[in-house]
Amino acid sequence: MTVTDEQRSKLLELMVPFKDDQIGKLPRVTCKDCSDRRAQCKQHQEKRCEECGAYVSTRHIHIDYVGHAHVTERLLEVDPEWSWEPLERDVDPQVWAAALATGNPDVIQMVLESAPPKFDLDDFGNPVGLWIKLTICGVTRPGYGSCPSKQSDAVKVLIGDALRNAAQRFGVALEQWMKGDRANPAAENAVADAGTRAMPARQKQADAAVVVDANWVAEFEKRLGDAPLEHVSAFRQDVVDAMRTQRINSETANRLLAAVKQRVDALESVTATGLPANKDGSVSRSKLTDEELEANGLMTRQQVKDHNKLAKDTIANPKKAERSNGVDAEDERWMNGGAKS
């Protein structure tokens, strides 16, 4: 499409550099195992980074970063009518077939527009990627958002990341994108953000002024320690709400979120009866002795071997049942009405 002089003038406003207090530092993990929820990295640990303040893997770098809110503010300043939409939508096949059967373009369009975005998923079905189209001043460009498979609030994170990525194609915060370490490909293609964005200077000052409610924190930790697995996930929202109402600061929030994760891991590592568990919830037999297995009504290792051998022999060498033509004394008794011969 041909861009008019007015459009070009407005689009150039997107490239105005951001102020220092609008720029934070984003931790980017460069270790694949640290970002993969299926893997347990044995080389690195998660801890609070003194430089950016995020609770993140020790194997990470820092990238200058402009947050979603500031990017959105810039888009609104340039074009109050800006919009975005997913590149693909996850339309239910049956609903789509029914819409096509009507032959009504309005119905088809309504079904298409009401369907949720189609996300890239990992092996566990968790959203980890999203393609979008961003339109500013009548010009449309693509963008892609990504996050690690263990990212909480993944949908919101993906939308924000995709918007920033698409906005960068218009020149928004382009300077920050260009500050990657060109000599280190891993730096520019870091695995993912597995931590919390570091706050710009202005937000850091406000966060430092928060007086932590020690009583609330103590009560939270007690409730967390007593909570069953099915209730633990709700504690993350408690942390978010407490931070929004300035009961805790970001450092305390990161610590409490880490405690929630540790509680989940601890509860998932045992069964309802207190035995060590595998990730699928089954008993981890390798962590129990034969005496412990037997005491809990489970087969010992030798019993499992004998059972498997019997099952294998039965399948490999099936034997037909033999019918006996003879009648023993007990059978004869019942055939005679219970009377002995």
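The values are calculated or read from the model by the stated rules, or taken from the named source; none is laboratory data. Keep in mind the model is a prediction, meaning the values are calculated, not measured. Here Cβ is always computed from backbone atoms with ideal geometry, including for glycine, and neighbour counts include all displayed protein chains. Accessible surface is based on the protein model in full, side chains and every heavy atom, while ligands, DNA and RNA are left aside. Shrake-Rupley method; radii C 1.70, N 1.55, O 1.52, S 1.80 Å.
So how far apart, in nm, are the two label points at Tyr144 and Arg236 if each is 7 Å from Cα heading toward Cβ?
Roughly 2.5 nm, to one decimal.
If a paramagnetic tag sat 7 Å from the Cα of Glu51 along the Cα-Cβ line, which residues of region 221-253 would have the backbone N under 20 Å from that point?
Output list for this probe position: 251.
Test of understanding: extend the Cα→C-beta vector of Asp213 to 7 Å, then name every residue of region 240-269 with backbone N under 15 Å from that spot.
Backbone N within reach: 240-250, 252-253.
Which FRET efficiency, nearest 0.05, do Lys156 and Asn308 yield, Cβ-Cβ r, R0 35 Å?
Working: r = 48 Å, r/R0 = 1.38.
Using R0 = 35 Å, I get an efficiency of 0.15.
Taking square-rooted eigenvalues a ≥ b ≥ c of the alpha carbon gyration tensor, is region 1-100 rounded, prolate or oblate, where a/c under 1.5 means rounded and, failing that, a/b exceeding b/c means prolate?
Values: a/c = 3.36, a/b = 1.26, b/c = 2.67.
It comes out oblate by the Cα gyration axes.
Once a ≥ b ≥ c are taken as the square roots of the eigenvalues of the Cα gyration tensor of region 53-103, is the result rounded (a/c under 1.5), prolate (a/b larger than b/c) or oblate (a/b not larger than b/c)?
On the way: a/c = 5.61, a/b = 1.76, b/c = 3.19.
Verdict is oblate for region 53-103.
Hey, how many Å between the Cα centroid of region 65-113 and the Cα centroid of region 17-33?
Rounded to whole Å, the Cα centres lie 29 Å apart.
Considering only the other residues whose Cβ falls under 11 Å of the Cβ of Lys118, what net charge follows from Lys and Arg at +1 and Asp and Glu at -1? Numbers along the way, then the final one.
Values: positive: Arg89; negative: Glu88, Asp90, Asp120.
For residues surrounding Lys118, the net value is -2.
Specify whether the C-alpha gyration tensor of region 201-262 places it in the rounded, prolate or oblate class, a ≥ b ≥ c being the square roots of the eigenvalues: rounded for a/c under 1.5, otherwise prolate if a/b is larger than b/c and oblate if not.
Details: a/c = 2.60, a/b = 2.02, b/c = 1.29.
Prolate, because a/c is 1.5 or more and a/b exceeds b/c.
In Å², and per residue, what accessible area does region 50-136 have when probed at 1.4 Å with the other protein chains present? Before the final figure, lay out each step's value.
Numbers: 5110 Å² over 87 residues.
Here the per-residue accessible area is 59 Å².
Within the accessible area of region 88-135, what % is carbon and sulfur when the probe is 1.4 Å and the other protein chains stay in place?
On the way: 1760 of 3130 Å².
Percent of accessible area from carbon and sulfur atoms in region 88-135: 56.
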